[in-house]
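S.K.: Below is a structure I'd like to ask you about.
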Amino acid sequence: MSITFDPDTTTNIVSARLQDFLAHPQRLFINGQWVESSSGKTFATYDPATGNKLAEVARGSEADIHKAVDAAHATFQEGSWVRMRPNAREELLFRISQKIQEWADDFAELESLDNGKPMGIASAFDVRSAADCFRYYAGWPSKLQGSVNNPSMILAPPEAEFHSYTRREPVGVCGQIIPWNFPLLMAAWKIAPALATGNTIVLKPAEQTPLTALLLGRVLEEAGVPAGVVNIVTGFGDIGAALSSHPDVDKVAFTGSTEVGKKIVESAKGNLKKVSLELGGKSPNIVFDDADIPSAVAGALQGFTLNSGQACEAGTRVYVHDDIYDEFNSALAEAVDGLKIGPGNDPASDITPLVSEEQLNRVVGYLDAGKADGAHALVGGNRWGDTGYYVEPTVFTNTTPDMPIVREEIFGPVAISIPFSDEDEVIQAANDSEYGLAAALWTQDLSRAHRVASRLQAGSVWVNTYHALDSQLPFGGYHQSGWGRELGPESIDLYTQVKSVTIAL
């Protein structure tokens with residue numbers, strides 16, 4: 001592994017539009033206006049490759065949450081947004097998708113600077129997927145159909161006739177809280193279906209990475225989203241709690257840690273608002289003895305190093321059949337050792353910095369604990385350098401099932417390689433987790449692929465691939481990985497409620 005950056009130059013901003021965007025105060029977006037926080041306070045966001053400050057951002061307070069919720073509530077109650085014709089709503093979402101594509105280079109650079117991820121990944125995955133998400137949900141407003149029923153009406157006279165039907169209607173004001181690992185994409189996953197179904201929104205970005213959400217606010221404004229429909233309040237956990245507990249918020253959607261998800265549920269109980277949660281993971285990645293080893297090695301590498309391991313569905317528990325265990329580990333260690341560490345704006349970088357010093361300390365703590373517990377670092381195992389928030393991509397062997405590095409979500413480029421001998425054994429081990437977000441298996445046996453996929457307790461199961469996400473496919477988890485599913489038709493269910501209408505004829 002080699003480092004590839006000059007810490008004095010990595011915060012240079014290429015895009016003139018982005019330079020202009022960052023030159024202006026980063027304010028809150030409430031009721032169609034860019035405003036300072038009620039307190040006048042700000043906070044800094046940093047380039048994790050260098051620690052250099054990128055921008056000062058308005059620090060919202062509970063008072064600002066109240067203003068944003070009031071705007072969203074008034075807009076929803078006024079009704080013109082809810083009653084917008086389906087074809088007009090479709091055109092609006094499609095315009096948003098086109099605007100994201102027009103700003104694609106700026107979004108990619110900004111995401112890389114604020115989050116630390118490789119600019120190539122931000123461009124090819126985050127930005128393109130965000131545009132695709134809005135384009136996918138642009139097709140839904142004219143497909144929100146109910147059903148016509150022929151009810152028996154047991155208590156009615158035999159000669160009575162009725163006409164009954166159902167309507168699918170928006171929930172109302174949606175509080176949406178997004179994480180720092182895929183900021184733009186997570187905003188799209190939540191905003192697009194909520195807009196398609198006629199809801200209004202208060203979005204709270206993660207304090208570590210607020211900038212692409214604010215740039216998205218500019219894009220929504222340019223696309224013609226009416227005032228009050230989408231409101232963006234930046235700040236810390238206190239405003240997330242205020243949003244999730246607000247009595248005029250009808251639904252809260254949260255992506256983040258399981259620990260915080262439980263707090264969201266507690267905050268939301270006051271008015272029994274609808275809650276959807278996409279939480280943590282400790283996903284198994286199973287390599288059977290008939291797997292194509294080069295493909296499985298490449299897939300395992302991508303599984304735990306994409307976005308420097310800062311992905312909730314990361315394949316961090318790699319189970320490898322005894323017969324190929326040594327061969328696989330040797331190839332995986334060689335592949336990891338060939339990775340280059342550097343900033344996101346260097347095209348040569350494979351491993352980029354973690355998002356913050358806090359996250360760096362968390363991951364290094366797990367590395368040290370793993371070694372102290374007796375695990376062997378096959379490759380990596382340490383912090384990298386003393387500038388920026390880098391750790392070495394790491395593979396541990398010689399672990400036991402009770403070790404924290406095996407059971408807990410680390411959220412860094414850290415994997416565990418564990419041998420197994422038969423199918424039942426590995427399925428039991430893979431399911432031995434409080435999480436159930438994703439899983440993968442590598443085999444050339446089609447029957448085994450279907451059989452094992454059906455037994456793995458995970459919301460997404462991938463065969464001979466990893467991180468296979470698409471706007472049409474529902475994403476979410478079993479157990480403590482969350483409630484509900486985002487993306488696909490299932491996300492429409494999160495943002496609508498069904499009404500029955502019965503008319504006596």
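The values are calculated or read from the model by the stated rules, or taken from the named source; none is laboratory data. None of these values were measured; they are calculated from a predicted model. A quick note on method: Cβ atoms are made from the backbone with ideal geometry, for glycine too, and the neighbour counts reach across all protein chains shown. Ligands, DNA and RNA are excluded from the accessible area calculation, which covers all protein heavy atoms including side chains. Shrake-Rupley method; radii C 1.70, N 1.55, O 1.52, S 1.80 Å.
S.K.: Once you list every other residue whose beta carbon is under 14 Å from the beta carbon of Arg455, what net charge do they have if Lys and Arg are +1 and Asp and Glu are -1?
M.R.: -3
S.K.: Going out from 0 in 5 Å bins, what whole percent of all Cα-Cα distances in the range 92-140 drops into each bin?
M.R.: Pairs per bin, as whole percents: 5, 26, 28, 19, 12, 7, 2.
S.K.: Moving to a separate point now. With labels modelled as points extended 7 Å from the Cα through the Cβ direction, what inter-label distance (nm, one decimal) is found for Asp323 paired with Val35?
M.R.: 6.7
S.K.: In what sequence, highest mean first, do 406-419, 158-171 appear when ranked by Cβ atoms within 10 angstrom?
M.R.: Answer by packing, highest mean first, reads 406-419, 158-171.
S.K.: For every other residue with a beta carbon closer than 15 angstrom to the beta carbon of Tyr137, add +1 if it is Lys or Arg and -1 if Asp or Glu, then tell me the sum. Walk me through the numbers before you get to the answer.
M.R.: Numbers: positive: Arg89, Arg95, Lys99, Arg135, Lys143, Arg168, Lys190, Arg485; negative: Glu90, Glu91, Asp132, Asp470, Glu486, Glu490, Asp493.
Within the 15 Å Cβ shell, the charges total +1.
S.K.: Considering amide H positions built from the backbone, and no H for Pro or chain starts, which residues 5 or more places from Leu378, or on another chain, come under 5 Å of its amide H?
M.R.: Val395, Phe396, Thr397
S.K.: Order the peptides 311-317, 254-260, 274-280 from the highest to the lowest mean number of other Cβ atoms within 10 Å of their residues. The partial results should precede the final answer.
M.R.: Values: 311-317: 26.7, 254-260: 20.3, 274-280: 23.0.
The most tightly packed comes first, giving 311-317, 274-280, 254-260.
S.K.: What is the spin-label model distance, in nm, from Ser257 to Glu490 if the labels are put 7 Å beyond Cα along the C-beta direction?
M.R.: It is 2.5 nm.
S.K.: Rounded to the nearest Å, what's the spacing between the alpha carbon centres of the range 21-80 and the range 197-220? Just the number, please.
M.R.: That distance is 9 Å.
S.K.: Please give the per residue accessible area of the range 347-420, computed with a probe of 1.4 Å over protein heavy atoms only, in Å². Before the final figure, lay out each step's value.
M.R.: On the way: 2870 Å² over 74 residues.
Solvent-accessible surface per residue comes out at 39 Å².
S.K.: Something else about it: Using only helices, what value at 222 nm comes out for the chain when you add -39,500 (n - 2.57) per DSSP H run of length 4 or more and divide by the total residues, to the nearest 500 deg cm²/dmol?
M.R.: Per the formula, -11000 deg cm²/dmol.
S.K.: Over the range 158-274, with every protein chain in place, what whole percent of the accessible area is carbon and sulfur at 1.4 Å, could you tell me? Write out the running numbers ahead of the final one.
M.R.: On the way: 1800 of 3400 Å².
Carbon with sulfur: 53 percent of the solvent-accessible area.
S.K.: Can you tell me how the range 322-415 classifies by the Cα gyration tensor, rounded, prolate or oblate, using a/c under 1.5 as the rounded cut?
M.R.: Values: a/c = 2.46, a/b = 1.26, b/c = 1.95.
Verdict is oblate for the range 322-415.
S.K.: Once you order the gyration tensor axes a ≥ b ≥ c over the Cα atoms, which shape class does the chain get: rounded for a/c under 1.5, otherwise prolate or oblate by comparing a/b with b/c?
M.R.: Values: a/c = 2.06, a/b = 1.29, b/c = 1.60.
Oblate.
S.K.: Ok, one more. If we restrict to alpha carbons, what Rg and Dmax does the range 214-339 come to, in Å?
M.R.: 21.4, 62
S.K.: Please say if the range 11-94 is rounded, prolate or oblate, where rounded means a/c under 1.5 for a ≥ b ≥ c the square roots of the C-alpha gyration tensor eigenvalues, and otherwise the choice is prolate for a/b larger than b/c and oblate otherwise?
M.R.: Details: a/c = 3.38, a/b = 1.57, b/c = 2.16.
Here the range 11-94 falls in the oblate category.
S.K.: What size of dipole, in debye to the nearest 20, comes out for the chain about its Cα centre when the only charges are +1 on Lys and Arg C-beta atoms and -1 on Asp and Glu C-beta atoms? Display every interim value, and only then the final one.
M.R.: On the way: 38 positive and 64 negative charges, 428 e Å.
Once rounded to the nearest 20, the dipole reads 2060 debye.
S.K.: Using the Cβ atoms and a cut-off under 14 Å, what net charge is assigned to the surroundings of Arg17, where Lys and Arg are +1 and Asp and Glu are -1? Could the numbers behind the result be given before it?
M.R.: On the way: positive: Lys99, Arg218; negative: Asp20, Glu102, Asp105, Asp106, Glu109, Glu222.
Residues near Arg17 contribute -4 overall.
S.K.: Which whole-Hz ³J(HN,Hα) couplings does the range 203-216 yield from phi under the Karplus relation 6.51 cos²θ - 1.76 cosθ + 1.60, θ = phi - 60°, glycine and proline marked x?
M.R.: My calculation for the range 203-216 gives 9, 10, x, 5, 5, 6, 9, x, 6, 5, 5, 5, 5, 4 Hz in order.
S.K.: For Glu434 and Gln77, compute 0.36 nm times the residue count separating them, minus their Cα-Cα distance, and round to one decimal in nm.
M.R.: Additional length available on full extension: 124.4 nm.
S.K.: Step through the table entries Lys41/Lys273; Lys251/Lys499; Lys143/Lys499, compare each Cα-Cα distance with 20 Å, and write down the pairs that go over it.
M.R.: Lys41/Lys273
S.K.: Ignoring ligands, DNA and RNA, please state the percent of accessible area on the range 338-441 from carbon and sulfur, probe 1.4 Å.
M.R.: 44
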